[in-house]
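The values are calculated or read from the model by the stated rules, or taken from the named source; none is laboratory data. For clarity, every value in this text was computed on a predicted model and none was experimentally measured. Backbone-built Cβ (ideal geometry, glycine too); neighbour counts: all protein chains shown. Side chains are part of the model used for accessible areas, which takes the heavy atoms of the whole protein and leaves out ligands, DNA and RNA. Shrake-Rupley method; radii C 1.70, N 1.55, O 1.52, S 1.80 Å.
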Amino acid sequence: MIAVAARTYRNYGECRAAFERLCTDIGKLPGAVHHTAEGSGWVWRLRDGTGGAVAVSSRAYERHSTCQAAYERFRALLAELGSGGVIPWDDAE
């Protein structure tokens, strides 16, 4: 698991639409690496334009550099998905 949503959604469609917006808007969204609340590790948070968290690391990292690398990979993955215009969902139809 790479990340988790920082918000809850009422249903699958709402969650899916939010993820698609996240992929499309990734270049405009700020985020950073922070100490955990306990101060014994590192986590990253991706924020929306108002400063609210939209995605967070799925776990705490021991080293700042490892957390930073995971954060950068996550952003790159979203940018790649968003650049195609259509997210390649594996919907069974």
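Using r as the Cβ-Cβ distance of Asp90 and Thr36, and R0 as 25 Å, what FRET efficiency do you calculate, to the nearest 0.05?
Here the calculated transfer efficiency is 0.15.
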**Message:** Give me the extension gain from Glu80 to Glu20: residue separation times 0.36 nm, minus the current Cα-Cα distance, reported in nm with one decimal.
**Reply:** 20.4 nm
**Prompt:** For the chain, what % of the accessible area comes from carbon and sulfur atoms, probe 1.4 Å?
**Reply:** 53
**Fill in**
Computed over the stretch 11-93, the relative contact order (Cα-Cα under 8 Å, seq sep at least six) in percent reads 29
**Asked** With charges set only on the Cβ (+1 for Lys and Arg, -1 for Asp and Glu), what does the dipole of the chain come to about its Cα centre, in debye to the nearest 20?
**Response** 340
**Asked** For the pair Arg10 and Glu72, how long in nm is the line joining their label points, each one 7 Å along Cα→Cβ?
**Response** 4.0
**Asked** Of all the C-alpha pairs in the stretch 37-89, what % are more than 15 Å from each other?
**Response** 57
**Fill in**
Whole-Hz Karplus couplings 3J(HN,Hα) for the stretch 70-83, θ = phi - 60° and coefficients 6.51, -1.76, 1.60, Gly and Pro as x, run 5, 4, 5, 5, 4, 4, 5, 4, 4, 4, 5, 5, x, 6
**Fill in**
Computed over the chain, protein heavy atoms only, probe 1.4 angstrom, the accessible area per residue in square angstrom equals 66
